[in-house]
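Heads up, the thing below is written out as structure tokens.
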Amino acid sequence: MRKLDKLVFLWVGACTALTCLLGLITHTVQAATLPAGFSESVAFSGLTQPTTVRFSPDGRVFVAEKSGLIKVFANLSATTPTIFHDLRTNVHNFWDRGLMGLELHPNFPTIPYVYVVYTYDKDPSNPQVPRWGTPGATSDGCPNPPGATSDGCVVSGRLSQLELSSGSNISTGTEIVLVEGWGQQYPSHTIDTVMFGPDGALYASAGDGASFSFADYGQDGNPLNPLGDTPVGIGGVQTPPTAEGGATRAQSLRRVNGPAVLNGTIIRVDPFTGAALADNPLFSSADPNARRIVGYGFRNPFRFTFRPGTNEVWIGDVGWNTWEEIDRIPNPLTSLVHNFGWPCYEGPNRQASYDAINLNICETLYAMAGGHTAPYFAYSHNQPVVAGETCPTGSSGITGLAFNQGGTYPASYQGALFFADYSRQCIWSMFIGANGLPDPATKGTFVAGAAGPVDLQIGPGGDLFYVDFTGGAIRRIQYTSGNQAPNVVIQATPLAGALPLNVTFDGSASSDPNAGDTLTYSWDLNGDGLFGDAITAQTSFIYTQANLYNVRLKVTDNHGASNIESISIKAADRALHETSTIGSSAVVAIASCWFRRLWLTATRHRSPSACSSREKPSCC
């Protein structure tokens, strides 16, 4: 995954330094572009950095937030959630780190278990006290020293089971830890997804825990090699060609000596004990971690899913400088445990930076016939996924996978694979080919301008839902062969300022896909979840109390179809900075420059020489 929290943190800092430039100009939020007959709506809003969503058979909807909060909505019509469980003290919510995965037992709520994977902020001398964060805090840090990108703040990861309290929407408060490990030195490529397979086993994924800014083989840290990677141990100096630390943890099954670690792997475990299952391919190993692993050699397998009707595992692996991958494990129970090659390979090619180091762990893989499993599909950061599309190129991060399973979507979408990219703000479809598998030759742009997608799930009605991390929402994509919902566009000026803050809103750019339809408007201006604060396309509101307001506009056509869009307004109790004297065109240019630079740094898809974490921010 991309460095989402770093982006938010740096942009807030940049906003203050640049006199909150976006607050000086009109900001527009508008609907995404979808194929004819499809429309997008907001199912839930008002969330804070949501990371994943799961739908219970009884209608409840569970949402994980990056901070460690788990919220539950009673049904799709509910507007206010209940806090199911609070893991914020345990979770290290910093950059990529946080609560990233959530899953319900397939027989939930009859079997009342909820599963989570998260970055565990542990003090080795006192496990009850966070090492880097603060008890109960929503956001955590990494002090300097050791520094996030210098020596790194060492943490671990957890796969845990929570239990629903009978007759309620809250947990019993007890956390049962199933697996603990995944040592992470740097705050990137961290804990990812947890999901039940069709075989009833519990699967989980995690990244390599290595640096994003240099070719990391374990050469940094204070003490050096703080996770004790082979062959030198904690405090030892890792040197080529024998080094087996850093990103090479993803190849730990091939270490000359030392135990396997879970970094850069997919594991398959018993959902009640966390132990490897007896039919796992490496169950006969004396190493308990090796027994759990059913796929390895991933950089950051942020999201994975299963193809319906099969045991196939489909993985979205976030790349470094060049490639994003969709990987496929045809059967996780075969004797061959697939190795997808990171860091020796990225996409279909050798990874140049690691190849140049001449590490034994890579050189032996290069020499091994059939040792590396190539991606099922990979796309270059510098190329569009679909020729001629409006989705941008450059920074990339694959962040969601889901298979269509019927519902109301057209027959051509049956069995199609949807995949998302947070950086490009797009979702694509890949239709099935003659062999029944998704065919890369059939890929098409499904949602252009998607709002911060970090998770894709098939929900009620067979509709595709996605988690909007930046907008704090869960969005739903529906198909209607007749009347379609309006496209909502909000313009707001300014986005932020000191009290009293007078903001002008304009929804008149909203439109309807059906010719001749008329639109009505209803605003929630004070963020209380209730519409009707204004019923005209254009309106204004004066904010007199400091807060972050989630303003929503509901647009309804004359056939009753409606859609909702939201925008955040920050009202501060004092001026954030004196007003700049530069012209509006310069404001736009500087804001755009800073945002692009911060995004490129946050998403770490620049070579170390082009975008080092130690550089002074400037326009890329």
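The values are calculated or read from the model by the stated rules, or taken from the named source; none is laboratory data. Remember, predicted model here, so these are calculated numbers, not experimental data. Cβ placement follows ideal geometry from the backbone for every residue including glycine, while neighbour counts extend to all protein chains displayed.
The number of residues in segment 266-318 being hydroxyl-bearing (Ser, Thr, Tyr), modelled with pLDDT of 95 or more, out of contact with any strand residue (DSSP E or B) (no Cβ under 6 Å at 6 or more places or on another chain) and closer than 17 Å to Phe196 by Cα comes to 1. Filter segment 392-416 down to the residues that are free of Cβ contacts under 8 Å to residues at least 40 places away in the same chain and under 20 Å from the mean Cα position of the chain (by Cα), then identify the one that is farthest from Ile427 (Cα to Cα). Only one residue fits best here, namely Thr393.
The residues of segment 275-299 that are under 27 Å from the mean Cα position of the chain (by Cα) and under 25 Å from Tyr186 (Cα atoms), listed by number, are Asn289, Ala290, Arg292, Ile293, Val294, Gly295, Tyr296, Gly297, Phe298, Arg299. Screening Gly388 on (1) within 26 Å of Gly37 (Cβ to Cβ); (2) surrounded by 14 or more Cβ atoms within 10 Å (Cβ to Cβ); (3) at pLDDT 95 or above shows it passes everything except condition (2). Any idea how many residues of segment 501-531 are under 27 Å from Phe38 (Cα atoms) and either out of contact with any strand residue (DSSP E or B) (no Cβ under 8 Å at 6 or more places or on another chain) or small (Gly, Ala, Ser) (or both)? Count: 9. For segment 58-92, residues that are crowded, with 16+ Cβ neighbours inside 10 Å and not in a loop (DSSP other than H, G, I, E, B) total 14.
Being under 21 Å from Leu104 (Cα atoms) and modelled with pLDDT under 95 is the requirement here; does Pro513 meet it? Answer is no for this residue. Screening segment 420-486 for strands (runs of 3 or more DSSP E) wholly inside it with 1 or more residues that are under 17 Å from Phe306 (Cα atoms) and at pLDDT 95 or above returns the ranges 426-430, 453-458, 464-468.
Rundown of residues vs (1) touching a Pro at 6+ places or on another chain (Cβ under 8 Å); (2) at pLDDT below 85, yes/no style:
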position	(1), (2)
Ser522	no, no
Ala537	no, no
Asp557	yes, no
Arg574	no, yes
Cys611	no, yes
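Gly167 fulfils the conditions (1) in contact (Cβ under 8 Å) with a residue 12 or more places away in the chain; (2) out of contact with any Asp or Glu (no Cβ under 8 Å at 6 or more places or on another chain) except for a single criterion, (1). I'm trying to understand the selection: among the residues of segment 362-382, which are closer than 24 Å to Phe304 by Cβ, not in a strand (DSSP E or B) and not small (Gly, Ala, Ser)? Scanning segment 362-382 gives Leu365, His372, Thr373, Pro375, Tyr376, His381. If only residues of segment 455-500 that are of a type in the set (A, V, I, L, M) and closer than 19 Å to Leu76 by Cα are counted, the one that is surrounded by the fewest Cβ atoms within 10 Å (Cβ to Cβ) is Ile458.
Consider Ala367 carefully, then state whether it is out of contact with any strand residue (DSSP E or B) (no Cβ under 7 Å at 6 or more places or on another chain) and without any contact (Cβ under 8 Å) to a residue 12 or more places away in the chain. Yes. Scanning segment 480-520 for residues that are charged (D, E, K, R) and in contact with a Pro (Cβ under 9 Å, 6 or more places away or on another chain) turns up Asp512, Asp517.
Here's the yes/no breakdown for (1) of a type in the set (Asp, Glu); (2) in the same structural domain as Trp182 (by TED's automatic domain parsing); (3) in contact (Cβ under 8 Å) with a residue 12 or more places away in the chain:
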{"position": "Tyr203", "(1), (2), (3)": "no, yes, yes"}
{"position": "Ala206", "(1), (2), (3)": "no, yes, yes"}
{"position": "Ser211", "(1), (2), (3)": "no, yes, yes"}
{"position": "Phe214", "(1), (2), (3)": "no, yes, yes"}
{"position": "Tyr217", "(1), (2), (3)": "no, yes, yes"}
{"position": "Leu224", "(1), (2), (3)": "no, yes, yes"}
{"position": "Asp229", "(1), (2), (3)": "yes, yes, yes"}
{"position": "Ile234", "(1), (2), (3)": "no, yes, no"}
{"position": "Pro241", "(1), (2), (3)": "no, yes, yes"}
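Within segment 421-472, if we keep just the residues that are more than 16 Å from the chain's Cα centre (by Cα) and among the β-branched types (Val, Ile, Thr), the residue that is farthest from Leu104 (Cα to Cα) turns out to be Thr442.
Of the conditions (1) out of contact with any Lys or Arg (no Cβ under 7 Å at 6 or more places or on another chain); (2) surrounded by 16 or more Cβ atoms within 10 Å (Cβ to Cβ); (3) modelled with pLDDT under 95, Lys122 fails just one. Which one is it? Evaluating Lys122 over (1) out of contact with any Lys or Arg (no Cβ under 7 Å at 6 or more places or on another chain); (2) surrounded by 16 or more Cβ atoms within 10 Å (Cβ to Cβ); (3) modelled with pLDDT under 95 leaves (1) as the failure.
For the condition closer than 19 Å to Thr48 by Cα and either free of Cβ contacts under 8 Å to residues at least 24 places away in the same chain or in contact with a Pro (Cβ under 8 Å, 6 or more places away or on another chain) (or both), Phe469 qualifies. Within the set Thr393, Thr373, the sole residue that is at pLDDT 95 or above and over 22 Å from Arg255 (Cβ atoms) turns out to be Thr393.
The criterion of being more than 21 Å from the chain's Cα centre (by Cα), touching a residue at least 12 places away in the same chain (Cβ under 8 Å) and under 16 Å from Arg254 (Cβ atoms) does not hold for Thr310.
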